[in-house]
Amino acid sequence: LFPYTTLFRSGLPVSIHAVGGDNEILHELKRIRGVRGVLHAFTGGTSRAEQYLRHGLKLGIGPMLMAMNSEKLRDAVYNAGMNSIVTETDYPYMYINVRNASRGRDGVKTEADPTEGKITASPDRLYILLTGLAEIFETDEERMAEVLMNNAENLFGR
């Protein structure tokens, strides 16, 4: 499964991109140990997030966080903590039905929002993700942006 074991042991951060291979990836992470990096496009729940975090990975969070019915992912992100995530912007061809950006962590809609509906999830929409993360962690967008920048710099350098 992982022909790049030497690379993983190099100390460089990695981005692990897998669909449906969580058990195999976690098995390899136990075997290799000391890997640091990002689990790309994380969309799982709290239990799966905790497993990856224990192995030194950050959760790569993208626009799926703002999709309708993303409560499981939102809970996982909240429980992981803001220092355990990095944002991802590589969804230029994906469309998502966004949730109201003014919903609380419980997903209850508090007011009408013009962004409700289907949007293209591209890097220029990162502000929607930033707004959603700030709401999950009950902080302002400036503080959330600062934390996210620190997370990325700690992982990848400047």
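Brief remarks on what is shown
- Residue order for 31, 158 - accessible surface, 1.4 angstrom probe, largest first: 158, 31
- Calculated FRET efficiency, residue 23 to residue 46, Cβ-Cβ distance, R0 = 22 Å: about 0.80 to the nearest 0.05.
- Scalar couplings 3J(HN,Hα) for the stretch 57-65, obtained by applying the Karplus form with A = 6.51, B = -1.76, C = 1.60 to θ = phi - 60°, are 8, 9, 8, x, 10, x, x, 4, 4 Hz; x denotes Gly and Pro.
- Calculated FRET value between residue 69 and residue 138, using beta carbons and R₀ = 30 Å, to 0.05: 0.90
- Accessible area of residue 126 in the full protein assembly, 1.4 Å probe (Å², nearest 10): 60 Å²
- Neighbours of residue 44, meaning other residues whose beta-carbon lies under 13 angstrom from its beta-carbon, give a summed charge of -1 when Lys and Arg score +1 and Asp and Glu score -1.
- Ranked from largest, the principal axis spans of the Cα set of the stretch 11-63 equal 29, 21, 17 Å.
The values are calculated or read from the model by the stated rules, or taken from the named source; none is laboratory data. A quick note: this is a predicted structure, and the numbers were derived from the prediction, not measured. Cβ sites come from the backbone with ideal geometry, for glycine too, and all protein chains shown count toward neighbours. Surface accessibility is based on the protein's heavy atoms, side chains included, excluding ligands, DNA and RNA. Shrake-Rupley method; radii C 1.70, N 1.55, O 1.52, S 1.80 Å.
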